[in-house]
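Here the structure is laid out as structure tokens; the discussion comes afterwards.
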Amino acid sequence: MQKSTTRSQWFRIAFFALIFLLFFQLVPDFIESVYTFGLMGTDIPPQIISILFFFSPCLLLLFPRLISDRTMYLLAALSALARAVEVAAGPSGKMLASGFGVGCLFLLLPAICFHLSSSDDHDKLSDLKVGLLISVTMVILLRSLGAGSDISLTYPWVSLMLALFLLGISVVLWRASEGKHVRQVEKFSGNILVLSVGVTGCLMVLYFAFISPTVLARWSELDYRFIVGWLVLSLAVYLWLMSQNLLERLPILWVWLWNGIFIVSGVIALLIYQEPFSLESGAYPFYQREIQLWQHIPFVIFIALCPIVLHNFHLFVKEITKTKPLPRALGGGFLLGAFFFLIVMLAQVFTTVYDYIPVVGPWFRDRFWLVFLLAGLGMGLPIFVVKGEANREHDMQMPPLLTPILITMLAISLIWVVFSQPTPDTIEKKPTITVLTYNIQQGYSPAGERNYEEQMALIRSLSPDIIGLQESDTARFSGGNADIVRTFSQGLGMYAYYGPRTVTGTFGIALLSLYPIENPRTFFMYSLGEQTASIEATITIKDKKYHILVTHLGNDGPIIQQENILKQLEGKQNVIAMGDFNFEPTTEQYRLTTQSFADAWVLTGSPLPPTLQAEKLIDHFFVSTEIPVLSVEYIDSPVSDHPAVVMEVAK
């Protein structure tokens, strides 16, 4: 009998773990898919209508008898199939498949709560709690193995195996269920609305930062290894507290305090990391502030306290199940929760693309901290409707081997991150330096396909020593919280510097090099629209120091931004300035620049591919006169909407 019970518990835990794993995979992929269509133009894409998938819980308002145990397992199976289709589909297919899967998952959340409310078995609720912890651990592991990007997207067979596993478990549990509808209670509790928002708020906060440690590293510019190590330690302590049932005995007053410190420390940390942008043009250019060691203290506290998100989730679901709610109540509650999730998601995207969103967008400029505060309040405020005794229950029995499995996954994540840091090979004794500038359109092709590997393959074929990347946005909702710079750095075996911190509303720029990058800094240019920035650094090759600049100007390359750049380059020698300048050779910006620096392509007179026109070029190399440029080549490739530009320089 004990063997059967243990087997059933493992099936339930695996079911819940894979459901939440799919949630943390399909939701980012869906948001990324919708955003990708927006990259094809500067207007709000019509595909934005697909966000209606988020509102699937409204079906419970129309069809309250939709919920049963077997419906829950059917929804899980459908979400697994959606994931299997999504990883192999093109842009439109990916958006539809991931959106359908997201719709199933947002309908599955109230179904799970309804299922748990029909049982007095406390183990089921504990299994849900354990399942969420396993899923968070698995996502961290998959993203650590993928250098900041979910490795199951690079190797779709991983996604297919996980999807098939969930499909198989769903079939087994469906066959074991009786298919009966849960007993309904006439009484309606208004707290269901608040608690449902709390459940989705917890998932939002996890998605906001903690399932992808590189997000935290890009916010703060702290060492990625430290971030992963500190997060792993926090989760390991939480696992120990959970296994000892110490959290179940924690007074509710301490839970309130834990929530308060967590939210406040997060907001303070983000305020510290943000830049105080001035509206006065005379304040530019200016360097990104250096953060002192003591200023990271709120952020360290924030990460240490992150297990409160998991604990809150458990308390909210338990409080919901105690009320044995009506299907319509759950449908209304999770519809409100889905709406909250969508608002926070859009608000975070607006902090970067505010210049393209009429009326609403500009209000979110420089308010990254406010978006987190919204997510934090959505997760934290519902705790005040949880009764003091709600966090006390029978001691949970952790399944055998579960703790060692979780500790092993956390340890692998940390070990992989520590030992997979790029260690560039010794530079071969070649007589030239190959420099590449490339606008990678955030890792997408003009057709909207995510093609990190194809872009890296093109870069490898050019064997660059130094790379300047533009539109390398990293660790944001719009890109599925993936870190393309870290993925490229590890995949190409190069040192990397990304600028600026991602709490600022800028499109990313990055510098990669086979040589050590010395004194890298980011400075900001004056911007009326989207905020712009440049990277400065020094790279020493054969005792010769090169002053490297990588930039991406705003639309039409505003002349004041180029003036800011030229001001920063005054008096510098051995300058290599590269990037997407967004101005053509016939403009005043170009004329002003070539008064001080040479256009490397003009110097060499290299031919252009037939698909490019000289008067339309906006990606440039500008160099000081002492740089011995040998050749410049424009390479028009379908893996991005910009050509790659490669320059050979004599050592």
When residues of the stretch 483-499 are limited to those that are in contact with a Pro (Cβ under 8 Å, 6 or more places away or on another chain) and in a loop (DSSP other than H, G, I, E, B), the one surrounded by the fewest Cβ atoms within 10 Å (Cβ to Cβ): GLY493
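Any residue in the stretch 45-59 that is in a loop (DSSP other than H, G, I, E, B), out of contact with any strand residue (DSSP E or B) (no Cβ under 8 Å at 6 or more places or on another chain) and modelled with pLDDT under 80?
Yes; the residues of the stretch 45-59 include at least one that is in a loop (DSSP other than H, G, I, E, B), out of contact with any strand residue (DSSP E or B) (no Cβ under 8 Å at 6 or more places or on another chain) and modelled with pLDDT under 80.
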Report, by residue number, each residue of the stretch 500-545 that is farther than 19 Å from PRO285 by Cα and crowded, with 23+ Cβ neighbours inside 10 Å. LEU511, LEU512, SER513, LEU514, ILE539
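The rows are residues; the columns are (1) more than 22 Å from the chain's Cα centre (by Cα); (2) in a strand (DSSP E or B).
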position	(1), (2)
MET456	no, no
ARG460	yes, no
SER472	no, no
ASN481	no, no
LEU512	no, yes
PRO516	yes, no
Scanning the stretch 554-611 for residues that are of a type in the set (Val, Ile, Thr) and within 23 Å of VAL646 (Cβ to Cβ), the one surrounded by the fewest Cβ atoms within 10 Å (Cβ to Cβ) turns out to be THR611
Scan of the stretch 556-576 for residues that are hydrophobic (A, V, I, L, M, F, W, C) and over 22 Å from LYS651 (Cα atoms), ordered by number: ILE559, ILE560, ILE565, LEU566
Options THR408, THR432, THR403: the member that is farther than 23 Å from ARG143 by Cβ and over 17 Å from the mean Cα position of the chain (by Cα): THR432
Test: residue in the stretch 621-632 that is aromatic (Phe, Trp, Tyr), at pLDDT 95 or above, surrounded by 13 or more Cβ atoms within 10 Å (Cβ to Cβ) and farther than 29 Å from GLY448 by Cα: yes
Tell me, please, whether a residue that is assigned by TED's automatic domain parsing to the domain that holds ASP29, more than 11 Å from the chain's Cα centre (by Cα), buried (at least 24 other Cβ atoms within 10 Å of the Cβ) and assigned to a helix (DSSP H, G or I) can be found in the stretch 223-230. yes
In the stretch 465-473, is there at least one residue being in contact (Cβ under 8 Å) with a residue 60 or more places away in the chain, among the polar types (S, T, N, Q), surrounded by fewer than 24 Cβ atoms within 10 Å (Cβ to Cβ) and within 30 Å of LEU346 (Cβ to Cβ)? no
Flag if ALA457 is of a type in the set (A, V, I, L, M) and in the same structural domain as GLY579 (by TED's automatic domain parsing): yes
Please state which one of VAL237, VAL267, VAL215 is assigned by TED's automatic domain parsing to the domain that holds PHE54 and surrounded by 19 or more Cβ atoms within 10 Å (Cβ to Cβ). VAL215
Looking across the stretch 569-601 at residues that are touching a strand residue (DSSP E or B) at 6+ places or on another chain (Cβ under 6 Å), assigned to a helix (DSSP H, G or I) and not aliphatic (A, V, I, L, M), the single one that is farthest from TYR354 (Cα to Cα) is TRP601
Name the residues in the stretch 110-135 that are hydrophobic (A, V, I, L, M, F, W, C) and either at pLDDT below 90 or in contact with a Gly (Cβ under 8 Å, 6 or more places away or on another chain) (or both), would you? PHE114, LEU116, LEU125
Working carefully through the options GLY605, GLY579, GLY571, find the one that is in the same structural domain as TYR546 (by TED's automatic domain parsing), small (Gly, Ala, Ser) and in contact with a Ser or Thr (Cβ under 7 Å, 6 or more places away or on another chain). GLY579
If you go through the stretch 128-139 one residue at a time, do you hit one that is farther than 20 Å from ALA236 by Cβ, in contact (Cβ under 8 Å) with a residue 12 or more places away in the chain and either assigned by TED's automatic domain parsing to the domain that holds ASN245 or surrounded by fewer than 20 Cβ atoms within 10 Å (Cβ to Cβ) (or both)? yes
Report, by residue number, each residue of the stretch 74-91 that is free of Cβ contacts under 8 Å to residues at least 60 places away in the same chain and either in a helix (DSSP H, G or I) or of a type in the set (Ser, Thr, Tyr) (or both). LEU75, LEU78, ALA82, VAL85
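Residue-by-condition table, conditions (1) over 30 Å from TYR526 (Cβ atoms); (2) surrounded by fewer than 22 Cβ atoms within 10 Å (Cβ to Cβ); (3) in contact with a Ser or Thr (Cβ under 7 Å, 6 or more places away or on another chain):
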| position | (1), (2), (3) |
| --- | --- |
| ARG289 | no, yes, no |
| GLN295 | no, yes, no |
| VAL309 | yes, no, no |
| ASN312 | yes, no, no |
| LEU315 | yes, no, no |
| THR323 | yes, yes, yes |
| ARG328 | yes, yes, no |
| GLY333 | yes, no, yes |
| LEU336 | yes, yes, yes |
Scan of the stretch 60-73 for residues that are part of a helix (DSSP H, G or I), surrounded by 19 or more Cβ atoms within 10 Å (Cβ to Cβ) and either aromatic (Phe, Trp, Tyr) or in contact with a Ser or Thr (Cβ under 9 Å, 6 or more places away or on another chain) (or both), ordered by number: ASP69, MET72, TYR73
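The values are calculated or read from the model by the stated rules, or taken from the named source; none is laboratory data. None of these values were measured; they are calculated from a predicted model. Methodologically, a virtual Cβ is constructed for each residue, glycine included, from the backbone with ideal geometry; neighbour enumeration extends over all protein chains shown.
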